[in-house]
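Every number here is computed from the coordinates shown, using simple stated rules; none is lab data. Since this is a predicted model, take the numbers as computed values, not measurements. Every residue, glycine as well, gets a Cβ built from its backbone with ideal geometry; the counts of neighbours run over all protein chains shown.
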Amino acid sequence: MGNVTYERLSAYHDGEVDGEEAARIRRDLMSDDEARAILAAFEQIDGSARTAFDADLDQPVPLHLARAVRSGFAARRRAAIGRVALRWVGPMAAAVAIVVVGNHWTTQRVESALAERELKIAALADQAVQNALEHALSGARVSVADDAAASVVSITPTRTYKSESQHWCREFTEELVIDGERVTRFGLACREANGGWRRVQTRTPGSTPPAVGTSL
Amino acid sequence: MEPQIERELIALLPRLRRFALALTRSAAAADDLAQATVERGIANLDKWQPGTRLDSWMYRIAHNLHRNELRNTSVRGGKLDIIQRESDELHDGERAAVARLEFKAVSAAIAALPADQREALLLVAVEGHSYKEVAEITGATVAAVTSRISRAREALRGVVERSE
């Protein structure tokens, strides 16, 4: 090989040499068969390296990694709620998920599996509210568990009264245990004309409760 | 803003894990490193500059955690469970057999590289980072990065050419 070193050719291949040096290397390449062969080999080496490294991307990503991201951001949201007493950001924001991903990882599949699980837990919470408010006396605790979703929702009605609009309303404490993480919230639900209980308020301890639903 | 970063980070996980594998060469150690990186990254998210590359930032955290881990572990016992790479692109027949041989040879050669060369090869040749970005991720000079990537290619050259 003539004037150009292996290392400078490698940098040239990566577009990491300045204009003047690049022009000189281009000139050298015209008369240097060996340098041209090396440059061509770089393409092949990089291609082989890509094939080898890309195989790592096909391995399933362990779910604890996805959970670490979820719970990390959930913790940030909880900290934000504590600081500024924000409105509760959605019942399942803090939910951490266990989902089973098959042999291939795709972001969409994980996203949809997480969303599906959040819906499942929301349905579980609704079931617990309906059971407890319909059948339990104030102070009695009703729990509903879903093993597959690794979650337990417990509802304890605390106070019952008739609202100004003559609806029966019940306040309750709600305890969610999701993957062993415990979240306690306070809720208010009122009975609708169809007999079901509709949740009109959910708040976390420390947050300012919104005005009670006088629209009912 | 944060929900978008959260999605970006989820999407980055396979590549972050691959980067951790390049550093550790052990699936179990890579998972631990990736997990520690995610936790550290999210805890320090306020220090990340929006508009800059999230992957480079996470890689830098992984690189530093790994370096500290090496420093703190005086005796690294046990044998590395070097992961067996499998390629999807192989088909039946002779061509596949040849491709499989090359794949194995290249994977073995990459595994045998010094860690800093393997890291530079992944970041530059596979992920397309600039030398400057790699220098920032690894805390090395651009000259050192230039040398590492060149030596990595030199080491792989024999393997690729032999298997042709």
Peptide B:113-126: average number of partner chain Cβ atoms within 10 Å per residue? 3
Express in nm, to one decimal, how much length is gained between A:Ala148 and A:Glu175 on full extension, taking 0.36 nm for each residue of separation and deducting their alpha carbon distance. 7.9 nm
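How many partner chain Cβ atoms sit within 10 Å of a residue's Cβ in peptide B:99-110, on average, as a whole number?
On the way: counts 1, 0, 0, 3, 4, 1, 2, 8, 7, 1, 4, 4.
So the per-residue partner count for this stretch is 3.
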Give me B:His129, A:His135, A:His167 ranked fewest to most by other Cβ atoms within 10 Å of their Cβ, as a rough exposure proxy. A:His135, A:His167, B:His129
Which residues qualify? For A:Val200, with a placed amide H closer than 5 Å and at least 5 residues away or on another chain, they are A:Leu188, A:Ala189, A:Cys190
